[in-house]
Amino acid sequence: MIALGLFLTSLASKSDDLKRASLVIFVLIGLLTIPTYVSGNSAAESICAGGPKAPACDDAALSKALIETHEGVALLAFAAIVLTAAFAWLGLWQFRRISHPQNWTLAVILLLALFALILVVRAANIGGEIRHPEIREAREIITPNVHFARRIGAFVLSRPWGWPSLETLHFIGLSLLIGVILLIDLRMLGVMKNVGFPAIHRLLPWAMLGYGTNLVSGMLFFVASPEQYAHNVAFVWKLILMMLAGANALYFTVFDEAWILQPGDEAPLSAKAVAVSAIVLWVGVLYFGSMLPFIGNSF
């Protein structure tokens, strides 16, 4: 709501500074949405697993169908928020590339943000009703999204090509992402000094496409088999490093001074530090992704 309000204010006042600030907030919200959604499965397990004060899912005070409805709406809200963040990042890139975001980009961001807000409000209302039957209607109403996330997961697991196809997309996205990120980071560290940064930064959307491909395929893995990941320490660290790496890419997109580097120019020390941190973060993501079966026994 804060980001959307700031964005609407920027459109009304035609302030580029407010636009840039609201787009940065949209991107940060998109990053925070990843662990927020993942935490829902652990929360459902805590509620349903039992314990002296935790009612079972089939208890009168709790509706398992309502939990699954909440999960389905939350998955749609997650998708809308991530898409909003993706187009917000594109707007920030356009600020650097052509000094202002294109009108169609701003229109898409506005529509997606409004849609995401509606879905988030709906998911929040359903989430509140799970543990508070006193605020439900006399006859519990399950939305058409009931079991939506479970159906997505079942579809992935039931098709012999489902999981392998996602694995293939995951590695394609990873290749796009790491390939472009390494080009940029190595240029910051002094490799390929005869290449100006303006010639490289046009590749950034391909890196973000790879990031988005990995995010979508990875979340489909999680939705299909959340029990393999929810309590896996390697998965938790991978998520943390992915968020930090995303923030690192945001820094390079918005704040860094390296955009003006011409052939032969030396990158400032701050850019070199960010480049080194990016390499370390992505190596960490690769490591913990590879260690999912070994550290956390996911498979």
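The values are calculated or read from the model by the stated rules, or taken from the named source; none is laboratory data. Quantities reported herein were computed from a predicted structural model and do not represent experimental measurements. When we count neighbours, we look across all protein chains shown, and the Cβ atoms used for this are built from the backbone with ideal geometry, even at glycine.
Points worth noting:
- Comparison of Val38, Val73, Val82 shows that the only residue that is modelled with pLDDT of 90 or more and β-branched (Val, Ile, Thr) is Val82.
- Taking the criterion of being exposed (fewer than 12 other Cβ atoms within 10 Å of the Cβ) and either β-branched (Val, Ile, Thr) or modelled with pLDDT of 85 or more (or both), the only residue of the range 119-140 that qualifies is Ile135.
- Residue match in the range 178-194 (condition: at positive phi and surrounded by fewer than 18 Cβ atoms within 10 Å (Cβ to Cβ)): yes
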